[in-house]
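Accompanying notes for the structure given below.
The values are calculated or read from the model by the stated rules, or taken from the named source; none is laboratory data. Keep in mind that this is a model prediction, so the values were computed, not measured. Cβ placement follows ideal geometry from the backbone for every residue including glycine, while neighbour counts extend to all protein chains displayed.
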Amino acid sequence: MSFESLIFSKAVWIFFAFIALFGAERAFPMVALRGGLQRVAKNLSLAAVNAILSPLIVIPITAFAAAHALHWRPEGWDGIGPMLVDLLLLDCWIYFWHRINHVVPVLWRFHEIHHLDETLDTSSGLRFHFGEVFLSSIVRAIVIFLLGVPLATVVVFEVAVSLMALFQHSNVKLPRWLEQQLSKIIVTPSIHWVHHHALRRDTDSNYSNFFSIWDHVFGTASTTQRSAEMPIGVEGAKDKTLTRLVMRPFRVTNR
Ligand SMILES: [Zn+2]
């Protein structure tokens, strides 16, 4: 797959999934939304910076890593099976990367911008500080380089994780039985909303991104059940204006 189609396919998938979920969560909401359009505009402004940054920096770094990856794999090691193994390895890696973002103070400064959202909807799945997006792409490129992951697999992974981010932050009300069955395999809103619970113990749990298995394997699954009353955000902190969110990771003091 060419460099241009990589950019195009990811953007098209995200655009249509965003429109569909944004509509669905307003037609069938799980909880009453707060914050109004001003909040959505703030999240989409952060997303717009990343949309500009992505083709200029993030995708070239990723494509370069895939094109120059180490060739240590045995001959004939391709097809659906090896691709699934790669997807699992990448998903396991971003589980740890997400967990590290909660532990290392300088990384939390950037990741906190995502967590400061005080309610969740599809736009929260696009709300990331450009610093986090940049740092993630560098570290992911190293993993792609070392594992020798083919570009096609990287594209599938990027699209899958981006769509999953929109879905798991969404406020769409799913039938309980469906969500229960899905959550055995993938990260559903009921799992990920607990990660956004404004209680530090829960914020530091449920780190999985695509497959829900990793939190169970590595002992970070929360027992908290999502509820409509559950406060969302960062314990002891309030959401900020767009300018303050952009500048917050670079501040000297903790105020
Ligand atoms: Zn997090």
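At-a-glance table
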{"item": "Residue among Ala160, Ala141, Ala165 that is more than 16 Å from the ligand (Cβ to nearest atom) and either at pLDDT 95 or above or under 16 Å from Phe64 (Cα atoms) (or both)", "result": "Ala141"}
{"item": "Test: residue in segment 91-103 that is over 28 Å from Phe128 (Cβ atoms) and either within 16 Å of the ligand (Cβ to nearest atom) or surrounded by fewer than 16 Cβ atoms within 10 Å (Cβ to Cβ) (or both)", "result": "no"}
{"item": "Wholly within segment 4-115, helices (runs of 4 or more DSSP H) carrying at least 1 residues that are modelled with pLDDT of 95 or more and either of a type in the set (Lys, Arg) or in contact with a helix residue (DSSP H, G or I) (Cβ under 9 Å, 6 or more places away or on another chain) (or both)", "result": "36-53, 80-103, 105-115"}
{"item": "Long-range neighbours under 6 Å by Cβ, at least six apart or interchain, first residue within 12 Å of the ligand (Cβ to nearest atom) within segment 112-128, second part of a loop (DSSP other than H, G, I, E, B) and of a type in the set (Phe, Trp, Tyr)", "result": "His114/Phe128"}
{"item": "Counted residues, segment 182-215 - those being within 13 Å of the ligand (Cβ to nearest atom) and under 21 Å from Arg127 (Cα atoms)", "result": "18"}
{"item": "Given (1) more than 16 Å from the ligand (Cβ to nearest atom); (2) out of contact with any strand residue (DSSP E or B) (no Cβ under 6 Å at 6 or more places or on another chain), number of the condition Asn171 does not satisfy", "result": "(2)"}
{"item": "Residue satisfying condition, being within 11 Å of the ligand (Cβ to nearest atom) and either of a type outside the set (Phe, Trp, Tyr) or surrounded by fewer than 18 Cβ atoms within 10 Å (Cβ to Cβ) (or both), within set Glu132, Glu179", "result": "Glu132"}
{"item": "Residue within segment 218-226 that is closer than 21 Å to Leu166 by Cα, modelled with pLDDT under 95, away from the ligand (no atom under 15 Å from the Cβ) and part of a loop (DSSP other than H, G, I, E, B) present", "result": "yes"}
